[in-house]
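All remarks here apply to the structure that follows.
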Amino acid sequence: MHKWFWVLLAVGCKREWLDTCADGKVLDDQGDCVDADTDGSDTAVDTVDTGDTQDDTQDTGDTQDTTDTQDTGDTQDTADTQDTGDTQDTADTGSATPDACGNSGDGVWIEVDFSDAYSETSPDWAFSATPGFGAADWAYGGESYPEVWDPYNGINMNDDPIGTLAEVPEGAPIQLMIGLSGISSYSSATVCVEGRSVSTNAGVTFAAYNPGNGDCGVETSMSHDWTVHAVSLDLGNSCFVPGYAYQALRIEPTGGSGLIGITRFRLTLHDAVY
């Protein structure tokens, strides 16, 4: 009995000794004595580190602010450039381009320009933008193009203060040869003549008429001062005969100075059907 008493006493003392560590030491889960700061500080550091990762996450959250770049959607305002569609309004021109006298171009027209011509029979030409009735359709009697004639050889080209002129004297008209085979009807015919009376002190009276229809036409006047005058004549709807292959427009002085200087003229058949 004494023997077992001493054995049990020795075991108890060893266990108490084993449960106790030196100063600054603690028992871990394995029964070993370790520094008290080791695991605790690691844990604390780990906790702080994981806290940092939260901060990092929050920082990346700031990148959401970059979604403000969606404001660039304001560039959609540039869609207002569709207003340039208003340029479609210019499509209303074309054949409807008015002449220098203000007559509408609402039909087919032919224009003779002497401003760069070296001869009265070699002018520049312009035509209405009318699909189905172009330059060749104005030609007379099977010709390929309309023509300007000086039937009495009395017209002179002259450099005037207002530009190059075809000077047409009384008794020697200038004649535009055309054909209207492709025209079935029109509402009225106007002639716009640009130029001046070639004189220092007198205006000129002149006529525009069709020699192919009994000299049907009208008369008007033009001033002599040093400016380009634009004078309109309305020949109605009977002077030019639709469907005829031989038609003509003559411009001829009938009084006053007796000499008209022409820079350009246009014949328009308004509301023409072809």
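Which residues, taken from segment 206-251, are charged (D, E, K, R), surrounded by fewer than 16 Cβ atoms within 10 Å (Cβ to Cβ) and over 17 Å from SER185 (Cα atoms)? Scanning segment 206-251 gives ASP215, GLU219, ASP225. When ILE162, ILE174 are checked against the criterion of being surrounded by fewer than 23 Cβ atoms within 10 Å (Cβ to Cβ), modelled with pLDDT of 95 or more and aliphatic (A, V, I, L, M), ILE162 stands alone in meeting it. The set of residues in segment 124-149 that are free of Cβ contacts under 8 Å to residues at least 40 places away in the same chain, over 27 Å from the mean Cα position of the chain (by Cα) and in a loop (DSSP other than H, G, I, E, B) comprises GLU143, SER144, TYR145, PRO146.
The set of residues in segment 101-129 being polar (S, T, N, Q) and buried (at least 17 other Cβ atoms within 10 Å of the Cβ) consists of ASN103, SER128. Of all residues in segment 228-274, those satisfying the criterion of being within 25 Å of ALA129 (Cβ to Cβ) and polar (S, T, N, Q) are SER232, ASN237, GLN247, THR263, THR268. Any residue in segment 232-242 that is within 16 Å of SER197 (Cβ to Cβ) and in contact with a Pro (Cβ under 9 Å, 6 or more places away or on another chain)? No - not one qualifying residue is present in segment 232-242.
Under the condition of being under 24 Å from GLY154 (Cβ atoms) and among the acidic types (Asp, Glu), the residues counted in segment 216-274 number 2.
Would it be correct to say that SER257 is among the polar types (S, T, N, Q), surrounded by 18 or more Cβ atoms within 10 Å (Cβ to Cβ) and modelled with pLDDT of 95 or more? When the stated conditions are applied, SER257 passes them.
Does any residue in segment 150-178 that is more than 18 Å from TRP125 (Cα to Cα) come within less than 8 Å, Cβ to Cβ, of a residue that is hydroxyl-bearing (Ser, Thr, Tyr) and outside any strand (DSSP E or B) six or more places away or on a different chain, and which pairs are these? As it stands, the answer is ILE162/THR227; GLY171/TYR152; ALA172/TYR152; PRO173/TYR152, since those pairs meet every condition given. For segment 202-244, the set of residues classified as over 22 Å from PRO98 (Cα atoms) and over 41 Å from the mean Cα position of the chain (by Cα) consists of ALA202, GLY203, VAL204, THR205, PHE206, PRO211, GLY212, ASN213, GLY214, ASP215, CYS216, listed by residue number.
The values are calculated or read from the model by the stated rules, or taken from the named source; none is laboratory data. On a predicted model such as this, the values are computed, not experimentally measured, just so you know. Positions of Cβ are backbone-derived with ideal geometry, glycine not excepted, and every protein chain shown enters the neighbour counts.
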